[in-house]
């Protein structure tokens, strides 16, 4: 039974209020994206739709009192930073879209600066949401330096709310019901994280009428990037690596090196790969993406054959990723670039530590403490270390020193991870020619994996 009131344009003045991540609408008008709440005898909508509700009421000629936003006191926010042409274009495109939407720029091209200029342009309390504590610290430092004002932090044990505040995704989610009406602008750094379960609630529970998303890689393999149009405003500007190479990013070459497995490695690889492929054939399953692979993972909990197939697949990948020939080729590259600054990327920590021991190269993994990681990167920056080997830790969210050589020894088919790794060597420097080596085991599934992740370079 529908107990909601009917629309009456002549009713008393409506009132909009923020209530724990929602907009409570008191009055006889059902606004878009709202539902009737019997307990409060009012309509409710996600805070996300605050701006749409305002637009609807204004267009419809309704009288209403707006008590939603309770913005933090904000100092005058001015920025003297000068944008490059493409950064100006990005900001203009975002502004033209009612100061909403997502900007896609390669790693190292200055996404943060675009966000800073947006803050200055709107001169409104702003919350910046970032996925890691490292990024939170970087944003805090940049904002403090640019605006000469105290910057609040949410996350890592800190709770300090200022007109400019930086938060982790986790902390923003936890406190969205209390802070969702205190900021006029919300910036989502590495916005591709936002559609994940839980995190999307941040965008839904904040009433901030102005929204910006920043990322180097818009698309998600699970297709959830489509949600970003609703949560932030959709993609409004994009520049790819090849469009900025040579002008704003260092010119580079990509060198793919195929190495052969030893006879023993090849035999073991083929045995395990056959176990995996035979099982897929038997159950008539084709792996086209993460969703199909998840079906196999779920099946392995009740089917011993599926579990055996998964273990065999993982063993085959392990052989391809860690082949003896790769280590020989890496040795040649290190010798060839003995005066260069080199990042070595692998998929698994086991290979990281193996390389570290064999070549006496400092390693950075998830086990590395923040202090140790900072010291290692500082020594790399100063030239004390000429190479660093890492797994996935430096793919995103850490400001790393400039390098001119990258070596991918192993990795998934993720376009995002590939672009992030490429971006680590593309910072512009006079006379610099960057090179990214990609070492793959020939006649293995790694060949197709490498092909998939480089798709962005062909677009």
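Throughout, read-outs are computed from the coordinates displayed, never taken from laboratory work. Because the structure is a prediction, the values reported are computed rather than measured. Cβ coordinates were reconstructed from backbone atoms using ideal geometry, including for glycine residues, and neighbour counts include every protein chain displayed.
Contact order, relative form, for the range 231-344: 30 percent (alpha carbon pairs under 8 Å, 6 or more residues apart, mean separation divided by residue count).
With contacts taken as Cα pairs under 8 Å and at least 6 residues apart, the chain reaches a relative contact order of 15 percent. For the range 105-144, pairs of C-alpha atoms spaced more than 14 angstrom apart make up 50 percent of the total.
A crude spin-label estimate for the pair residue 358 and residue 267, with each label 7 Å from Cα along the Cβ direction, gives 2.2 nm. Multiplying the residue separation of residue 277 and residue 149 by 0.36 nm and removing their Cα-Cα distance gives an extension gain of 40.2 nm. With each label modelled as a point 7 angstrom along the Cα→C-beta vector, the residue 381-residue 253 pair spans 3.1 nm.
Per the Debye calculation on the range 194-330 with a single equal scatterer at every Cα and no solvent contribution, log₁₀ I(q)/I(0) for q = 0.14, 0.20 Å⁻¹ amounts to -0.96, -1.08. For the chain, the share of DSSP beta bridges that are antiparallel, to the nearest 5, is 25%.
Using R0 = 45 Å, the C-beta based FRET efficiency linking residue 369 and residue 60 works out to 0.20. For the pair residue 238 and residue 448, label points projected 7 Å from Cα toward Cβ lie 2.5 nm apart. Full extension of the segment from residue 15 to residue 89, taken as 0.36 nm per residue of separation minus the current Cα-Cα distance, would add 22.8 nm. For the range 284-435, a/c is not less than 1.5, where a ≥ b ≥ c are the root eigenvalues of the C-alpha gyration tensor, and a/b tops b/c. That puts it in the prolate class. On the principal axes of its alpha-carbon atoms, the range 14-67 has extents of 28, 21, 19 Å, going from largest to smallest.
Calculated translational diffusion coefficient of the range 263-321 (37 °C, 0.692 mPa s; Stokes-Einstein with Kirkwood radius over alpha-carbon pairs) equals 282 µm²/s. Taking a ≥ b ≥ c as the square roots of the eigenvalues of the Cα gyration tensor, the range 98-219 is classed as rounded, since a/c falls below 1.5. Compute the Cα gyration tensor for the range 237-294, then decide on rounded, prolate or oblate, letting a ≥ b ≥ c be the square roots of its eigenvalues: rounded whenever a/c is under 1.5, prolate when a/b is larger than b/c in the other cases, and oblate in all that remain. Verdict is oblate for the range 237-294. Between residue 170 and residue 67, the contour length at 0.36 nm per residue exceeds the Cα-Cα span by 34.4 nm. Per the Debye formula on identical point scatterers at the alpha carbon atoms of the chain, with no solvent, log10 I(q)/I(0) at q = 0.05, 0.09, 0.11, 0.14 Å⁻¹ is -0.23, -0.70, -0.97, -1.31. Highest mean packing comes first when the peptides 426-436, 117-127 are listed by Cβ atoms within 10 Å, giving 117-127, 426-436. For 30, 373, the sequence from fewest to most other C-beta atoms within 10 Å is 30, 373. Take 321-330, 437-446 and order them by the average number of nearby Cβ atoms within 10 Å per residue, most first; the result is 437-446, 321-330.
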